[in-house]
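The values are calculated or read from the model by the stated rules, or taken from the named source; none is laboratory data. It should be emphasised that the depicted structure is a prediction, and the values quoted were computed from it without experimental measurement. So basically every Cβ, Gly included, is an ideal-geometry build from the backbone, and we count neighbours across all protein chains shown. We work out accessible area using only protein heavy atoms, side chains counted, and drop any ligands, DNA or RNA first. Shrake-Rupley method; radii C 1.70, N 1.55, O 1.52, S 1.80 Å.
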Amino acid sequence: MTPNSCAIVGAAETTDLGKIPDMGQIQLHADAALNALADCGLSIKDIDGVATAGHSPQELAHYLGIVPSWVDGTSVGGCSYMLHVRHAVAALEAGYCNTVLITHGESGRSRTGFLSRPMFASQFDAQFEAPFGVSIPPTRFTLPVMRMMKDTGLTEEHLAMVAVVQREWASHHPRASFRDPITVDDVLNSKMIAYPFRKLMCCLVTDGGGALILTRADRAKDFPTKPVYIRGVGESVETPVVSQMKDLTSSAAFRVSGKKAFETAGITHADVDHLMIYDAFAHLPIYGLEDLGFVGRGEAGPFIAEGNTRPGGKLPMNTNGGGLSYMHSGMYGMYALQESVRQMRGISPAQVEGAKLSVCHGVGGMFGASGTVVMTNEA
Amino acid sequence: MTDRVLPTPTPETRHYWEGAKAGELRLQRCDKCSQAYFPPRPFCPECGSRDVSVFKASGKGTLHSYIINELGAPGLKPPFAVAIVQLEEGPRLLSNILECDQTPEALQLDMPLEVVFEKVTDDITLPQFRPAKEA
Ligand SMILES: [Zn+2]
């Protein structure tokens, strides 16, 4: 890709977030899409490319009443939307379409019009993992952390601090699900879910959606919104199950995706003003900070505990409160992208003053996949 | 009958499940590059060779990582450990830890483990692990 060849011109979440029992899941996609179109002054007939995950792109296109000339149904878990952005840039550069709509909608809490995904995402899982009593994500995604703790010195208090700092960010966001301050003791005394993970180290389960509209940069100036340029992108996959990660203390998919995004963007870590790292569970920002190279091995826990990522810190991270406090419908990546866009537009309720460059890093399918998007508000 | 989630063997994995029924932990090794690997497949994931052999593994390993499931799962009462076992031959696999307290105090990382076989139905026996007995 060419850095800044394309831009996000429309971005919005669903009208409500949290508990939306009176809206079916596909309508959550549409509600977000209509909000994003209104955001940039387009109509649905202007869209000629669609990408989505969870539902098929054909279901989405038909529901919206459009017949696009480009589709992407990449569905690799919660970071699918980061991959959609990457693929959309390639499609826009190639001229396959002119205006791309990426949507997410998930009735994760209310399960209204919910489309159930297969319980076991792979043959490997069904044959060799499920019989041993792994089930929902808190019993799977958490599996490598004891190894991480023994090998790198990560502590339960470090994990608790991830939740504490993100709650601090969430307190700025009127739309965040949880906004009251918490302490390390609150986290460590919350209900044990899957040792060493307590409830407050695990994400919320909520309803919501979000949508993005992308076009080529030469057209981006014609919109009422401040363009947010896509400066770099990366993606990768490693394994369908945590037990088969090459190294339980580092995600190969994170490393490949992050490196590609930084290389295509032509940036160093010092250039990054704002960071989002998908946090379905408290250990993910730890892995992300280390695997993207912001800190060395074993340094991410202390880095967060010392306040570097909190409001006023040198690397503001997960400024919406993240999946731990803002919202988490199941495939959270879209909400991380939305907060990066708000920060680059200068309109986040927790705005980082003067932020010019944001890195938004996602995980999918429990260390299975990864996608990274570098955004900037400077052409 | 059990509520336990049970595997459905495929042509490529049948030797593994037949082995468990016979009281053997069976892995595969590449005849070309001698890499031992898991899960079962009729080629080497390291070099791509189709020349591979099934062999009986030692059944020795160590506790590489784990969680203690407090939520339960079909056919399993919480709390119970779900562990990643590092096998002596190189591959890793998932297991419960039998004949052991399901507590952080009893479950020490890198403790030696040995395979045992848990018959669940007439068709399915699961390879499981327990703390290694003193030699
Ligand atoms: Zn080989």
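Condition test on A:SER135, is it in the same structural domain as A:PHE281 (by TED's automatic domain parsing), surrounded by fewer than 24 Cβ atoms within 10 Å (Cβ to Cβ) and of a type in the set (Ser, Thr, Tyr)? Please lay out each step first, then the result.
Details: in the same structural domain as A:PHE281 (by TED's automatic domain parsing): yes; surrounded by fewer than 24 Cβ atoms within 10 Å (Cβ to Cβ): yes; of a type in the set (Ser, Thr, Tyr): yes.
Yes: the conditions hold for A:SER135.
Please specify each residue of segment B:23-39 satisfying the condition of being assigned to a loop (DSSP other than H, G, I, E, B) and either open to solvent by 70 Å² or more (accessible area, probe 1.4 Å) or farther than 30 Å from B:PRO78 by Cα (or both). Break it down into steps so the answer makes sense when it comes.
Filtering segment B:23-39 down to residues assigned to a loop (DSSP other than H, G, I, E, B) leaves B:23-25, B:31-35, B:38-39.
Hits for segment B:23-39 are B:ASP31, B:LYS32, B:CYS33, B:SER34, B:GLN35.
Please work out which one of (1) more than 16 Å from A:LEU212 (Cβ to Cβ); (2) touching a residue at least 40 places away in the same chain (Cβ under 8 Å); (3) among the aromatic types (Phe, Trp, Tyr) is the condition A:TYR81 fails and give its number.
The number of the failed condition is (1).
Give me the residue from segment A:141-156 that is of a type outside the set (Phe, Trp, Tyr) and not in a helix (DSSP H, G or I) and, out of that set, surrounded by the most Cβ atoms within 10 Å (Cβ to Cβ).
Ranking the candidates gives A:THR142 first.
Could you check segment A:94-152 and list, in sequence order, the residues that are under 22 Å from A:SER80 (Cβ atoms), within 13 Å of chain B (Cβ to nearest Cβ) and among the basic types (Lys, Arg)?
A:ARG140
Take the residues in segment B:60-110 that are facing another protein chain (nearest Cβ under 10 Å) and without any contact (Cβ under 8 Å) to a residue 12 or more places away in the chain, then tell me which one is surrounded by the most Cβ atoms within 10 Å (Cβ to Cβ).
Restricting to residues being facing another protein chain (nearest Cβ under 10 Å) and without any contact (Cβ under 8 Å) to a residue 12 or more places away in the chain, the top hit is B:GLU70.
Is it fair to say A:LEU159 is surrounded by 18 or more Cβ atoms within 10 Å (Cβ to Cβ) and either in a loop (DSSP other than H, G, I, E, B) or in contact with a Ser or Thr (Cβ under 9 Å, 6 or more places away or on another chain) (or both)?
Details: surrounded by 18 or more Cβ atoms within 10 Å (Cβ to Cβ): yes; either in a loop (DSSP other than H, G, I, E, B) or in contact with a Ser or Thr (Cβ under 9 Å, 6 or more places away or on another chain) (or both): no.
When the stated conditions are applied, A:LEU159 does not pass them.
Looking at the structure I just gave you, is B:SER53 part of a strand (DSSP E or B), open to solvent by 40 Å² or more (accessible area, probe 1.4 Å) and within 16 Å of the ligand (Cβ to nearest atom)?
Numbers: part of a strand (DSSP E or B): yes; open to solvent by 40 Å² or more (accessible area, probe 1.4 Å): yes; within 16 Å of the ligand (Cβ to nearest atom): yes.
For B:SER53, the condition - part of a strand (DSSP E or B), open to solvent by 40 Å² or more (accessible area, probe 1.4 Å) and within 16 Å of the ligand (Cβ to nearest atom) - is met.
Got at least one residue in segment A:180-192 being in a strand (DSSP E or B), modelled with pLDDT of 95 or more and closer than 21 Å to B:ILE84 by Cα? Working first, answer last.
To start, the set of residues in segment A:180-192 that are in a strand (DSSP E or B) comprises A:192.
Subset that is modelled with pLDDT of 95 or more: A:192.
With the extra rule that they be closer than 21 Å to B:ILE84 by Cα, the set shrinks to A:192.
For segment A:180-192, residues in a strand (DSSP E or B), modelled with pLDDT of 95 or more and closer than 21 Å to B:ILE84 by Cα: present.
Would you check if there is a residue in segment B:9-17 being without any contact (Cβ under 8 Å) to a residue 40 or more places away in the chain, surrounded by 14 or more Cβ atoms within 10 Å (Cβ to Cβ), more than 16 Å from the ligand (Cβ to nearest atom) and part of a helix (DSSP H, G or I)?
yes
Give segment B:111-135 a look and list any residue that's over 21 Å from A:ALA126 (Cα atoms) and exposed (fewer than 12 other Cβ atoms within 10 Å of the Cβ), or say none.
B:LYS133, B:GLU134, B:ALA135
List every residue pair whose Cβ atoms lie under 6 Å apart, where the two residues are 6 or more positions apart in sequence or sit on different chains, the first residue falls within segment B:34-54 and is within 13 Å of B:PRO91 (Cα to Cα), and the second residue, located anywhere, is of a type in the set (Phe, Trp, Tyr) and more than 7 Å from the ligand (Cβ to nearest atom).
Cβ pairs passing all conditions: B:PRO39/A:PHE124; B:PRO39/A:PHE128; B:PRO40/B:TYR16; B:PRO45/B:TYR37.
Check A:ARG198 against each of (1) closer than 18 Å to B:PRO104 by Cα; (2) away from chain B (no Cβ under 14 Å) and name the one condition it does not meet.
So the condition that A:ARG198 fails would be (2).
Looking at segment A:35-53, which of the residues that are open to solvent by less than 30 Å² (accessible area, probe 1.4 Å) and of a type outside the set (A, V, I, L, M, F, W, C) is nearest to A:SER107 (Cα to Cα)?
Within segment A:35-53, the first condition is being open to solvent by less than 30 Å² (accessible area, probe 1.4 Å), and the residues that meet it are A:36-37, A:40, A:47, A:49-53.
Applying the additional criterion that residues be of a type outside the set (A, V, I, L, M, F, W, C) yields A:49, A:52.
Values: A:GLY49: 24, A:THR52: 15 Å.
Out of the qualifying residues, it is A:THR52.
Would you check if there is a residue in segment A:231-243 being open to solvent by 20 Å² or more (accessible area, probe 1.4 Å) and free of Cβ contacts under 8 Å to residues at least 40 places away in the same chain?
No: segment A:231-243 contains no residue that is open to solvent by 20 Å² or more (accessible area, probe 1.4 Å) and free of Cβ contacts under 8 Å to residues at least 40 places away in the same chain.
Name the single residue that is most open to solvent (accessible area, probe 1.4 Å) among those in segment A:294-352 being touching a strand residue (DSSP E or B) at 6+ places or on another chain (Cβ under 9 Å) and among the charged types (D, E, K, R).
The residue in question is A:ARG297.
From the set of residues in segment B:22-50 that are within 14 Å of chain A (Cβ to nearest Cβ) and away from the ligand (no atom under 16 Å from the Cβ), which is nearest to the chain's Cα centre (by Cα)?
B:LEU25
Can you give me the number of residues within segment A:310-350 that are on the phi < 0 side of the Ramachandran plot and not in a loop (DSSP other than H, G, I, E, B)?
So the answer is 17.
Would you check which residues across segment A:327-356 are in contact with a His (Cβ under 7 Å, 6 or more places away or on another chain) and either aliphatic (A, V, I, L, M) or without any contact (Cβ under 8 Å) to a residue 60 or more places away in the chain (or both) and list them?
Within segment A:327-356, A:MET331, A:MET334, A:ALA350, A:VAL352, A:ALA355 qualify.
Just checking: which of the strands (runs of 3 or more DSSP E) contained wholly in segment A:1-77 hold 1 or more residues that are polar (S, T, N, Q) and either assigned by TED's automatic domain parsing to the domain that holds A:ALA261 or touching a residue at least 40 places away in the same chain (Cβ under 8 Å) (or both)? Quick ask: steps written out before the conclusion?
Numbers: elements: A:6-13, A:49-52, A:70-72.
Here the list reads A:49-52.
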